[in-house]
Amino acid sequence: MKYLDIAMDAAKSMGADYADIRIQKSTTETIYLHNLSLKNTSTDITEGYGIRVFKDGAWGFAHSNIFKDDQVKATVKRAMDIALLSAKAKKGAGLTLAAERSYIASYRTPVKCDPFNLPLKEKVDLMLEVNRMMMNYEGIKQTVFYLLAHKDEKLFASTLGTRLDITTQFINPMITATAVMDGDSQSRTFDEGGRATGWEWINELNLTEKAKQIAEEAIIKVKADTLKEEKPRTLILDPNHLGLTMHESVGHPTELDRVLGWEADYAGISFATPEKLGNYKYGSDIVNFVGDNTLCEGLATAGFDDDGVPNQRWFIIKDGILNEYGSTRDTAPQIGLVHSRGCSRATNYYNQPINRIPNLYLLPGTKELTPGQLIADTDDGVYIQGRGSFSIDQHRVNFQFGGDFFWEIKNGKLHRPLKKVLYKSCNPEFWNSCDAICDERYWQPFGVVNCGKGQPNQTGRMTHGASPARFRNIRVGGSQ
Amino acid sequence: MNAKYEKIVEYVKKHVKADDYNLRIAARNSHETRFAQNAITQHIAGENIDIDIEVAFENKTGRCSINQTDENALADMIKRAEEMAVVNQPDPEYVESASAQSIPQVKNTLDSTINLAPEQMVDIVIKSIANGDKQAATVSGMTEKHYMEIINSTKNGFQGHYDLSEFGHSMTLKKDQIETKVSFSSKDFNTFQLDKEIAHLNEQLASLSNPQAFDAEKIPVILRPAALMEFYWFMMWMMNRRQSDEGMTAFTDQIGKKFLGEKFSLQSTFTIPELISVPYSWDSVVSEETYWVRNGVVETMPTPRYWAKMKNLKPASPFNVYVPGGSASEEEMMKMVPRGLIVNRFWYIRPVDMKKGELTGMTRDGVLYFEDGKVKHAVNNLRFNEIPHDTTRRILTMGESILCDSSVKMPTVLVDDFNFVDKTTF
């Protein structure tokens, strides 16, 4: 597209030290079914371009939705003017950018059946069938099926000479049944958090069967007992639950911009500071976390990030020790790194890219271990499935998490269902209490499509993953 | 209304074939300067527009939104929405679009904010950083200005247009292990006083020196307005008429009853000029002077148009938030209880139990311990598990309400037996 060249030529002629343009069209199809009422059936299309200019150690970013030669040039000029203003408030010589070469490449999320090409009726019929099935259960008062399909088509050019053509997409079905009974109300949700794939995944999921399970478990849950007293217990966490736990307690603390304090005013900072690299016991010896933006069906997998840095795979925690961060071209040099790990991503064309969590997952255990064996090996504990209430402090140390479904474990067996279970723990206590992880046969991915960060706020996406894992001596109890 | 938006409204009016439509246009012009660790790290400027149309053939609906304004794009938007509606399933809860109504006239836009130049904004950042340097501390924050125009136009004759301006400046100061924050947000830049904000920030920083360990317990707490705003925002979110009527929230069957504390009222109001008051909602519900809670009695709850029609109620939507305060100073509050804590802000509040209305969250940006009517020292951050509507019954006294966001005015309150359950290790 000619605007790539117009923008880069303009940036060079204005004396930019570095510049890039990201032309982005984002298309979102949302179908929101509340009981049998289609509250929202929509297609949202946002297209425009964001131009970054780096000058004298500072950034300027301007965006526009008007595709005209003069407007592109004016937007470059605006970004340059802003960069010069930014340079008035820099520290020392200002920022530097990690070394990078140029690339000419393309990437496309592998999709067999594009949900955007599927007739609406097929999608809505499935959703109505699912909600009808759940509403047939006595006690189910509310059902929700939320289906989201999203596509980003990006063209990227930089003054390094890079030219990228990237199309990524994902789909996310979410089903909730709410039971109201005996003065209480409890929900159960099926939500794998989205996956970078097509409708073929929906076909594999067998959502009508999932709907029965969700409705039945909502009713079991509303009638279940609570755990009153908080005391140290053993926890077994399923991959879906662990996805959110690792997102909050490992993903965010190892974003280098937080480590540097760049998020201090809003999202917060990190306890995992650079002097801890290579020596901090973040978890037990069996805890290995990998950042992997090459992960198949990963939500952050895009070939390249929005700095034009190729996707990579690296250890963030290795054998329990803090190994490395997720970084960008402007954060990496701040701690002496030569190269970025390619974690710079923007949500929309009008967002300046920020340092994001990569696809991040817990490696499975290396010894053969099934979830059944793990439960059988646990005398007294709680098994948590799915995600619920979650809250963590701004340094990413102290946290309290709930879940979506709970079983009390007694003498190696699932003893009784529970509700309103909460556990409290902190870093590094939590990951150091991990004493067993099931093997790779039980590893499952879990997507996050609503990671809020930045000012102005952006909604990022990434995939996590784990096999069921056990944690000892965690404070577990019921809500008030 | 800007001619460019009028043209869109007219185009849609002329070309929609559906039985009904609801057009919304939201145009925004923003400049955002973000700084951290005593330097600007991000700096963003640009304009956006969101053109959104919802159409209906009988009770089958479709929606499409775009951000391009040319006629081809508008034609494509209408086509997509109409095609979607034609093949969609009927919506048993469909409500036809709003009809013509009298819309309150509110002045939400100030030239002082619109005319603020990027150079002035950077100057504010530079002065904020200079204060950080002077305090041997790091400062991070955001200086932003926005101008928005919102247009609603429906087939049934609702025609609404309003605009608003907003200026915001926040500063988080970090010195060693101490972090504290002030923030300002208003429709009128002229009411912003950087020196006052800096003095307030420095005062908070000084008060937080030498923090001591404090274990979680139930204890009286003075919640400053920014903390209260976060906390009661979630309560407001849970006050949903339909969900309550269907038995899913703590507010079920509480309309007309004294469910909250007598000292507590919650309003959306046009009577306070400094608050942004949007004249109608996204769904074309015209704003009206509303007491959600008056002296502890739940008078109404936010009610969507469908539920209002079903239950023969008036639709209602919050258009700003005002909690009337009292006259007690923090010094007077500290004398009312033997000991307690003062909380600047909360952070990461999430629901724990929707039916009970229970929330969890952390303190942030400074907690002070007081005893015998005086502040003794700062303490570590704490986690709470609490039920906001229940805390209104434990309000002992209230201070003066102040602007804590461009559309929120809250007081400082003294609440008895606030349930802290855990503490941070930093």
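Where strands (runs of 3 or more DSSP E) fall entirely within the stretch B:16-88, those with at least 3 residues that are assigned by TED's automatic domain parsing to the domain that holds residue B:116 and over 19 Å from residue A:45 (Cβ atoms) are at B:20-36, B:39-57. The lone criterion from (1) surrounded by fewer than 19 Cβ atoms within 10 Å (Cβ to Cβ); (2) touching a helix residue (DSSP H, G or I) at 6+ places or on another chain (Cβ under 9 Å) left unmet by residue B:376 is number (2). In the stretch B:353-378, the residues that are more than 9 Å from every other protein chain (Cβ to nearest Cβ) and basic (Lys, Arg) reach residues that are part of a strand (DSSP E or B) and surrounded by 21 or more Cβ atoms within 10 Å (Cβ to Cβ) with C-beta atoms within less than 9 angstrom, at least six apart or across chains, in these pairs: B:376/B:368; B:376/B:370. Note on the stretch A:46-59: among residues that are out of contact with any Lys or Arg (no Cβ under 7 Å at 6 or more places or on another chain) and under 30 Å from residue A:87 (Cβ atoms), the one that is nearest to the other protein chains (Cβ to nearest Cβ) is A:48. Which condition number does residue A:388 fail, the rest of (1) modelled with pLDDT of 95 or more; (2) in a loop (DSSP other than H, G, I, E, B) being met? For residue A:388, the exception is condition (1). So which residues in the stretch A:239-263 are assigned to a loop (DSSP other than H, G, I, E, B) and surrounded by fewer than 24 Cβ atoms within 10 Å (Cβ to Cβ), if there are any at all? Selection gives A:260, A:261.
From the list B:323, B:415, B:421, the lone residue that is within 14 Å of another protein chain (Cβ to nearest Cβ) and under 20 Å from residue B:231 (Cβ atoms) is B:421. Being closer than 30 Å to residue B:119 by Cβ and either in contact with a strand residue (DSSP E or B) (Cβ under 7 Å, 6 or more places away or on another chain) or not small (Gly, Ala, Ser) (or both) is the requirement here; does residue A:74 meet it? No, not satisfied. Examine the stretch B:67-84 for a residue that is under 26 Å from the mean Cα position of the chain (by Cα), without any contact (Cβ under 8 Å) to a residue 40 or more places away in the chain and buried (at least 19 other Cβ atoms within 10 Å of the Cβ), and state whether such a residue exists. Within the stretch B:67-84 (the criterion being under 26 Å from the mean Cα position of the chain (by Cα), without any contact (Cβ under 8 Å) to a residue 40 or more places away in the chain and buried (at least 19 other Cβ atoms within 10 Å of the Cβ)), the answer is yes, since at least one residue qualifies.
Residue count for the stretch A:148-168 under the criterion of being crowded, with 22+ Cβ neighbours inside 10 Å, in contact with a helix residue (DSSP H, G or I) (Cβ under 7 Å, 6 or more places away or on another chain) and under 22 Å from residue A:30 (Cα atoms): the result is 1. Taking the numbered list (1) within 21 Å of residue B:37 (Cα to Cα); (2) surrounded by fewer than 24 Cβ atoms within 10 Å (Cβ to Cβ); (3) not acidic (Asp, Glu) in turn, residue A:301 passes all entries but (1).
Looking at B:112, B:102, just one residue is more than 30 Å from residue B:424 (Cα to Cα) and either of a type in the set (D, E, K, R) or assigned to a loop (DSSP other than H, G, I, E, B) (or both), and that residue is B:102.
The residue of the stretch A:181-222 that is surrounded by the fewest Cβ atoms within 10 Å (Cβ to Cβ), among those that are within 14 Å of chain B (Cβ to nearest Cβ) and in contact with an Asp or Glu (Cβ under 7 Å, 6 or more places away or on another chain), is A:189. Please note which strands (runs of 3 or more DSSP E) are completely contained in the stretch A:392-470 and include at least 1 residues that are in contact (Cβ under 8 Å) with a residue 24 or more places away in the chain, surrounded by 24 or more Cβ atoms within 10 Å (Cβ to Cβ) and within 20 Å of the chain's Cα centre (by Cα). Hits in the stretch A:392-470: A:398-401, A:444-453, A:458-466. Looking across the stretch B:373-405, just one residue is of a type in the set (Gly, Ala, Ser) and part of a strand (DSSP E or B), and that is B:378. If you filter the stretch A:321-359 down to residues that are among the hydrophobic types (A, V, I, L, M, F, W, C) and within 16 Å of the chain's Cα centre (by Cα), you find that the one that is nearest to residue A:254 (Cα to Cα) is A:357. Within the stretch A:247-261, residues that are closer than 19 Å to residue A:434 by Cα reach partners that are of a type in the set (D, E, K, R) and not in a helix (DSSP H, G or I) with beta carbons closer than 6 Å, at six or more positions or on different chains, in the pairs A:253/A:396. Annotation note: of A:33, A:4, the sole residue that is facing chain B (nearest Cβ under 10 Å), farther than 30 Å from residue A:260 by Cα and either under 25 Å from the mean Cα position of the chain (by Cα) or touching a residue at least 40 places away in the same chain (Cβ under 8 Å) (or both) is A:33.
Checking each residue in the stretch A:127-142 for being within 12 Å of another protein chain (Cβ to nearest Cβ), of a type in the set (A, V, I, L, M), in a helix (DSSP H, G or I) and surrounded by 17 or more Cβ atoms within 10 Å (Cβ to Cβ) picks out only A:127. Answer yes or no: is there a residue in the stretch B:413-420 that is touching a residue at least 12 places away in the same chain (Cβ under 8 Å) and part of a loop (DSSP other than H, G, I, E, B). The answer is no, given that none of the residues of the stretch B:413-420 is touching a residue at least 12 places away in the same chain (Cβ under 8 Å) and part of a loop (DSSP other than H, G, I, E, B). The number of residues in the stretch B:356-372 being farther than 30 Å from residue B:298 by Cα and part of a strand (DSSP E or B) comes to 8. Taking residues in the stretch A:213-231 that are in the same structural domain as residue A:178 (by TED's automatic domain parsing), and partners anywhere that are crowded, with 22+ Cβ neighbours inside 10 Å and assigned to a helix (DSSP H, G or I), the pairs with Cβ atoms closer than 6 Å and at least 6 places apart or on different chains are A:215/A:134.
Tallying residues that are more than 21 Å from residue A:425 (Cβ to Cβ) and charged (D, E, K, R) within the stretch A:235-271 yields 3. Looking across A:96, A:27, A:75, A:43, one residue alone is facing another protein chain (nearest Cβ under 7 Å), in contact with a helix residue (DSSP H, G or I) (Cβ under 8 Å, 6 or more places away or on another chain), polar (S, T, N, Q) and farther than 11 Å from residue B:43 by Cβ. It is A:43.
Table: residues versus (1) farther than 18 Å from residue A:88 by Cβ; (2) surrounded by 21 or more Cβ atoms within 10 Å (Cβ to Cβ); (3) away from every other protein chain (no Cβ under 11 Å).
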| residue | (1), (2), (3) |
| --- | --- |
| B:115 | yes, no, yes |
| B:123 | no, no, no |
| B:126 | no, no, no |
| B:141 | no, yes, no |
| B:149 | yes, no, yes |
| B:155 | yes, no, yes |
| B:166 | yes, yes, yes |
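Would you say residue B:180 is of a type in the set (S, T, N, Q), at negative phi and assigned by TED's automatic domain parsing to the domain that holds residue B:131? So residue B:180 fits the description; yes.
The values are calculated or read from the model by the stated rules, or taken from the named source; none is laboratory data. Because the structure is predicted, anything quoted here is derived from the model rather than measured. Here Cβ is always computed from backbone atoms with ideal geometry, including for glycine, and neighbour counts include all displayed protein chains.
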